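**Q** One structure, pasted below without further comment.
Where a number appears in this text, it was derived from the coordinates with a stated rule and is not lab data. As the structure is a prediction and not an experimental result, all values here were calculated from the model. Cβ atoms come from the backbone with ideal geometry, glycine included; neighbour counts cover every protein chain shown.
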Amino acid sequence: MGFLDTLKEVITNKPSNLREPKFIKEFNESNKQLKELEELLKVVSKETAKEIEQDMKLLSYGLLGEKNVAYELKNSHMPILILHNLYLKYNELTAQIDFIVISQRFILVIECKNMIGDMEITKSGDFIRYFKTTNGKVYKKEGIYSPIVQNERHVELIRDILKNEGYFKKTDFGMIQHVVTIANPKAIINSKCAKKELTEHIIKHEQLINKVKQLYDSNKDGHCFPEESMYKITDAIMKYNSTYAIDYEKKYGVSFIYNHKKNETCDKNEKPTFNKETIEVENKNIIEKSYCIEESSIYKELKEYRLGKSREEKIKPYFLYNNKELEAIIKVKPKTIDELKSIRGFGDVKCEKYGADIIEIVKSNL
């Protein structure tokens, strides 16, 4: 290492001449949410336990997919900086992002999907997931929110952050790319009818290194970040990173309390404890409410609205929302779009199409 490189390393406290991948925010297999769900599972009712076990299964499946992507990036042998598992909050907007890769020639936002079942991308850009039996017979299909649209919104948020922090001009916007990786090797993606501008953003996780190298090579003559700017960009993004807190009371109808006081420092090894008495009362209330919920006017109105819209759009009623989601609406009673989005199954597209009507029905039944 030359004198100037040594001086640069001392001043910036960053290693000079990055040659290999480096995780600035590491992939961690130990997941806080999974641990909390394990503790919660010990004290809830059997009915709630089934729901939690299903969520734990999906969460574990997702973590496995992210582990595969982290492995690919770690073994890319490219001079890149990597951020994993971000929850960005900026200008009242939020984004949960699986990976951000920063290179001298591009920034890549990666959404990891380790989905169960096969996926079809239609000509109009809709995403449909198919569930099959072991014999290959389709027993269920459902529309899902486009992961590409989701990623595009993540890109917009990152652009706004970097522009605000003074690291991006309008001419740099094209340097941020995005890709969705399908981490399940058994998943089949039927995209023969989809447009190229969609399919080029969806790859299997084992194709990720080639994608990264392709992006690197395609910008040989374009704008490049100095190595020092790469680190500054990661710092700028991390400035807006925060912790995503799960509202277990809203999600499962139960609450948990940590053993320490609210403002005291938490011991890393301390496990959350759950108020069993509160849980039993709340679960009893949930059972009582669900007993007569189908007779309530709000239930009937939401069901009638769902049927009418499904006939109008010539789709299955559960494409709008299934019975579980319908009951969640009644439980949460959302009065704003943000409150509706907090309910599982209600993303931006559903909220944009049906949100105002649903909120109007809720308000009329308060």
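**Q** Of the conditions (1) closer than 17 Å to K211 by Cβ; (2) of a type outside the set (D, E, K, R); (3) in contact (Cβ under 8 Å) with a residue 60 or more places away in the chain, I116 satisfies every one except a single condition; which number is it?
**A** (1)
**Q** For the range 294-340, enumerate the residues that are assigned to a helix (DSSP H, G or I) and among the basic types (K, R).
**A** Hits for the range 294-340 are K300, K303, R306, K309, R311, K324, K331.
**Q** For the range 128-153, give me each residue that is among the aliphatic types (A, V, I, L, M) and out of contact with any strand residue (DSSP E or B) (no Cβ under 8 Å at 6 or more places or on another chain).
**A** Within the range 128-153, V149 is the sole residue that qualifies.
**Q** Take the residues in the range 313-336 that are of a type in the set (A, V, I, L, M) and out of contact with any Phe, Trp or Tyr (no Cβ under 9 Å at 6 or more places or on another chain); name whichever of them is surrounded by the most Cβ atoms within 10 Å (Cβ to Cβ).
**A** That would be V332.
**Q** A further question follows. Does N365 count as free of Cβ contacts under 8 Å to residues at least 24 places away in the same chain and out of contact with any strand residue (DSSP E or B) (no Cβ under 9 Å at 6 or more places or on another chain)?
**A** no
**Q** So C193 ticks every box in (1) surrounded by 13 or more Cβ atoms within 10 Å (Cβ to Cβ); (2) in contact with a strand residue (DSSP E or B) (Cβ under 9 Å, 6 or more places away or on another chain); (3) of a type outside the set (V, I, T) but one. Which box is left unticked?
**A** (1)
**Q** Residue under question is I358, and the condition is that it be closer than 23 Å to G253 by Cα, among the β-branched types (V, I, T) and part of a helix (DSSP H, G or I); does it hold?
**A** Here the answer is yes, as I358 does meet what is asked.
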